[in-house]
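Below: the structure, in structure tokens.
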Amino acid sequence: MTELWSYKDIAAHIKVQPDTVRSYRKHGLLPPPDRVQGGKPYWYPDTVRRWVAARPSNRRD
């Protein structure tokens, strides 16, 4: 089975609280979930890594 990340997993990856990640999604700052299971959103790790790399605070000029 392919690994999927929850809000908690994403939060641990970017070192913030899960509520911060929920807020990012609410404000359209998080990519759409790759899957929704039982009403809960999940993302593939590669989706999250691409999003993290593209975030303004992480761009390298």
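The values are calculated or read from the model by the stated rules, or taken from the named source; none is laboratory data. All values derive from a computational prediction rather than experimental measurement. Every residue, glycine as well, gets a Cβ built from its backbone with ideal geometry; the counts of neighbours run over all protein chains shown. Heavy atoms of the whole protein, side chains included, go into the accessibility calculation; ligands, DNA and RNA do not. Shrake-Rupley method; radii C 1.70, N 1.55, O 1.52, S 1.80 Å.
Being exposed (fewer than 11 other Cβ atoms within 10 Å of the Cβ) and in a helix (DSSP H, G or I), is that true of even one residue in segment 1-10? Scanning segment 1-10, I find no residue that is exposed (fewer than 11 other Cβ atoms within 10 Å of the Cβ) and in a helix (DSSP H, G or I), so the answer is no. Scan segment 11-54 for residues that are part of a strand (DSSP E or B) and open to solvent by less than 50 Å² (accessible area, probe 1.4 Å) and the total you get is 2. Looking at Ser57, is it part of a helix (DSSP H, G or I) and open to solvent by 80 Å² or more (accessible area, probe 1.4 Å)? Yes, satisfied.
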